[in-house]
Amino acid sequence: MFYITGDTHGDFNRIENFVYKMKTTKDDVMIILGDAGINYYLVGNLDGKSRAIKKMLADLPITFFCIHGNHEERPYNVEGYELQEHFGAPAYVNPEFPNQIFAKDGEFYNLNGYKTLVIGGAYSVDKWYRLAGRGHWFPSEQPTEEIKSYVEKQLEDHNWNTDIVLTHTCPIDTEPRHLFLPFIDQESVDKSTEQWLQTIADRLTFKKWYFGHFHGDWQNGIYEMLFENIKEFKL
């Protein structure tokens, strides 16, 4: 079985409860739409906390497939990760924790029989709060121009056609404005990733688009945002 959920931010209680209730195995897959929090606690003496999370997840009877969010470091910047073939395309895995797979932006994966494009990253509206010492911020949070070029080349090679898209944030026309934080000045928010995703959405032929990031469960036609809900991954 393939399942999908939203941001976990290092708190896997709901997933732990779910996998034991459903009696899952390592053959089952849980897709996390970014901000898994597995590679968040990497600064100073906190690496032990990150490792503890990875060890706990390694013991759970499920395999994780994670999209890159904005509250975590990219796996290729973290010691121990290497590219391996998973679900028909390259992905990042630390061999010590093989049930924790991190998607590479721009790859097309075969997930539950569906051709699935993955594009991670987003801007952090709490960036300055975290830079002030109240958290950890990673300069790699948004797609670089190199990543964007790779994604667009992949799209050309696949004739701008897929079944499902998985992203952390969403195209700008689909933003759930009803969930915007009232104390955040939206004029100060970098929307470049959302604007770029919109250029992709306008050209791409697809059937379903899942995203997280905004901490709510919401559906808008073929777009679906997930946070705490856990669903079967399908069209």
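The values are calculated or read from the model by the stated rules, or taken from the named source; none is laboratory data. Nothing here was measured: the structure is a model prediction, and the numbers come from that model. So basically every Cβ, Gly included, is an ideal-geometry build from the backbone, and we count neighbours across all protein chains shown. Side chains are part of the model used for accessible areas, which takes the heavy atoms of the whole protein and leaves out ligands, DNA and RNA. Shrake-Rupley method; radii C 1.70, N 1.55, O 1.52, S 1.80 Å.
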Exercise. Which of the residues that make up region 10-39 are open to solvent by 40 Å² or more (accessible area, probe 1.4 Å) and closer than 18 Å to residue 97 by Cα?
Worked result: 11, 16, 25, 26, 27
Problem set entry | Yes/no for residue 117 being of a type outside the set (Lys, Arg), open to solvent by 40 Å² or more (accessible area, probe 1.4 Å), part of a strand (DSSP E or B) and more than 20 Å from residue 137 (Cα to Cα) | no
For this session: Name every residue in region 195-212 that is of a type in the set (D, E, K, R) and touching a residue at least 40 places away in the same chain (Cβ under 8 Å), in order of residue number.
Result: 203, 207, 208
For this session: Tally the residues that are free of Cβ contacts under 8 Å to residues at least 60 places away in the same chain, surrounded by 13 or more Cβ atoms within 10 Å (Cβ to Cβ) and part of a loop (DSSP other than H, G, I, E, B), restricting the search to region 56-90.
Result: 8
For this session: Inspect all residues belonging to region 36-55 and state whether any of them is closer than 28 Å to residue 194 by Cβ, touching a residue at least 12 places away in the same chain (Cβ under 8 Å), among the hydrophobic types (A, V, I, L, M, F, W, C) and in contact with a strand residue (DSSP E or B) (Cβ under 9 Å, 6 or more places away or on another chain).
Result: yes
Problem set entry | Residues within region 164-182 that are at pLDDT 95 or above and surrounded by fewer than 16 Cβ atoms within 10 Å (Cβ to Cβ), tallied | 1
For this session: Scan region 179-212 for residues that are more than 22 Å from residue 148 (Cα to Cα), outside any loop (DSSP other than H, G, I, E, B) and either touching a strand residue (DSSP E or B) at 6+ places or on another chain (Cβ under 8 Å) or of a type in the set (Val, Ile, Thr) (or both) and report the count.
Result: 1
Exercise. From the set of residues in region 99-113 that are in contact (Cβ under 8 Å) with a residue 24 or more places away in the chain, over 21 Å from residue 171 (Cα atoms) and in contact with a Ser or Thr (Cβ under 9 Å, 6 or more places away or on another chain), which is surrounded by the most Cβ atoms within 10 Å (Cβ to Cβ)?
Worked result: 100
For this session: Identify all residues within region 40-55 that are of a type in the set (Gly, Ala, Ser) and open to solvent by less than 30 Å² (accessible area, probe 1.4 Å); write none if there are none.
Result: 50
